[in-house]
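The values are calculated or read from the model by the stated rules, or taken from the named source; none is laboratory data. This structure is a prediction, so every number in the text was calculated from the model and none was measured. Here Cβ is always computed from backbone atoms with ideal geometry, including for glycine, and neighbour counts include all displayed protein chains. Calculation scope for accessible area: heavy atoms of the full protein, side chains included, ligands and nucleic acids excluded. Shrake-Rupley method; radii C 1.70, N 1.55, O 1.52, S 1.80 Å.
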Amino acid sequence: MTANAPITQDVLTIPRKLPEGRQNLVGLTRAQLREALIGMGTPEKQARMRVNQLWQWLYHWGVRDFAQMTNLAKAYRAQLDAHFTISLPEVVSKQVSADGTRKYLVRIAGGHEVEVVYIPEEDRGTLCISSQVGCTLTCSFCHTGTQKLVRNLTAGEIVGQIMLARDDLDEWPAPGTGTGDAGPRLLSNIVLMGMGEPLYNFDNVRDAMKIAMDGEGIALSRRRITLSTSGVVPEIARCAEEIGCLMAVSFHATTDEVRDKLVPINKRWNIATLLDALREYPRLSNSERITFEYVMLKGVNDSDEDARRLVRLIAGIPAKINLIPFNEWPGAPYERSDWSRIERFADIVHKAGYASPIRTPRGEDIMAACGQLKSATERARKSRAQIAAETGLS
Ligand code: SAH
Ligand code: SF4
């Protein structure tokens, strides 16, 4: 915790309550949806068809109102409405950067807030989503790591982030039509690189990604989803088996001594153990490489020797090294490496045969860059608290 302990739970925020007793359908797996419909009285032999119909309305056309589901009988629609809701997390605010990056502040049940970032690029549009409020891990360069975990997001809250971004981008096909000729998608890729450690919320992340990948709905290919982990080794193989998405790992150091400090989960599963798990990741190939994320911290992990050690360590793993210039936050104990240092490091890695892009910070003017997400919210909260104090309202 920093000296000015961030306010992580805004007790003044009143959660948006679901209407009494109605279950939210967003985030249910196909099997859970079937169960829910049968529980409401849908005959078992109709259940499969009803699941398919609802699934298409929810995830292919993005419809939120049962009344619009015109291929269902009116009485059935009314019955659905009496039992269920179609609810997304609430967008509290949206900021758009000069570079087109959009940042959404999203409120979930209980009044907690997470941030979601949409990054448009020439050939793709990437949505960076969160899996937890806060994080149980305490990586020393990450602002999320200074906060305690508040809670895991539900599957509905995770897939809901994708759905609300599609709302904002106006990217649902008109009911009755396919995605067919709509051209390239605005939201084409997902990265689980927002707040939280996705592999510590495995089941909900898996269910949400299964919904996003389902061909009858949002239909994003598993190759367009990247999950970033700090190195929860026992869950890495499970991620391949049960989700099948691409893997990124927050590597950040080339000796256990330094990694223990930067990414303390290294004390539990060290570099050698982590690399063994990554070597076993199925389907590894040049087109399905592991992304090694490497934050550039001045004088800590950015020497030529580090670069050379890095390429020796990962020898044999199809990999791409994403160099992330450190994004500073108030009270951070590190500085960003000089640009010339980052370039030199990239060059050594590149000459060893690995792609080594330097990640351009996006949306800096709206504090949307990696590792900054929560700090922006906290700042806003703090100033609200300060204003309240100044005006004698607190
Ligand atoms: N918990 C997961 C995913 C979320 S963090 C993980 O650790 O992999 C997404 C990426 O941003 C990680 O690689 C993380 O190490 C990096 N990151 C965190 N804080 C940062 C900062 N201040 N500057 C640059 N990158 C940061
Ligand atoms: Fe958690 Fe990832 Fe931040 Fe580490 S880098 S504290 S695992 S969010």
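The table for this structure:
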item	result
Considering residues of region 237-246 that are surrounded by 21 or more Cβ atoms within 10 Å (Cβ to Cβ) and aliphatic (A, V, I, L, M) only, the residue farthest from residue 309 (Cα to Cα)	243
All positions within region 158-175 that are touching a residue at least 60 places away in the same chain (Cβ under 8 Å) and either within 16 Å of ligand 1 (Cβ to nearest atom) or open to solvent by 40 Å² or more (accessible area, probe 1.4 Å) (or both)	158, 161, 167, 168, 172, 174, 175
Residue within region 376-385 that is over 24 Å from residue 140 (Cβ atoms) and at pLDDT 95 or above present	no
Residues being basic (Lys, Arg) and open to solvent by less than 20 Å² (accessible area, probe 1.4 Å) - total across region 67-117	1
Yes/no for residue 228 being polar (S, T, N, Q), within 13 Å of ligand 2 (Cβ to nearest atom) and assigned by TED's automatic domain parsing to the domain that holds residue 260	yes
Number of the condition not met by residue 138 [criteria: (1) open to solvent by less than 30 Å² (accessible area, probe 1.4 Å); (2) over 16 Å from the mean Cα position of the chain (by Cα)]	(1)
Hits in region 176-212 (condition: open to solvent by 20 Å² or more (accessible area, probe 1.4 Å) and either under 18 Å from residue 241 (Cβ atoms) or not assigned by TED's automatic domain parsing to the domain that holds residue 149 (or both))	200, 203, 204, 206, 207, 210
Subset of region 306-326 [of a type outside the set (A, V, I, L, M) and touching a residue at least 24 places away in the same chain (Cβ under 8 Å)]	306, 308, 309, 316, 318, 320, 322, 325, 326
Residues of region 204-233 satisfying the condition of being free of Cβ contacts under 8 Å to residues at least 12 places away in the same chain and over 18 Å from residue 283 (Cβ atoms)	215
Residue, nearest to ligand 1 (Cβ to nearest atom), within region 141-157, restricted to residues that are open to solvent by less than 40 Å² (accessible area, probe 1.4 Å) and more than 30 Å from residue 296 (Cβ to Cβ)	157
Hey, residue 275 open to solvent by 10 Å² or more (accessible area, probe 1.4 Å) and more than 15 Å from ligand 1 (Cβ to nearest atom) or not	no
Unmet requirement for residue 130, which otherwise passes all of (1) away from ligand 1 (no atom under 16 Å from the Cβ); (2) surrounded by 17 or more Cβ atoms within 10 Å (Cβ to Cβ)	(1)
Output for region 145-179, where each listed residue is among the small types (Gly, Ala, Ser) and on the phi > 0 side of the Ramachandran plot	176
Within region 213-236, considering residues that are within 21 Å of the chain's Cα centre (by Cα) and open to solvent by 50 Å² or more (accessible area, probe 1.4 Å), the one farthest from residue 187 (Cα to Cα)	234
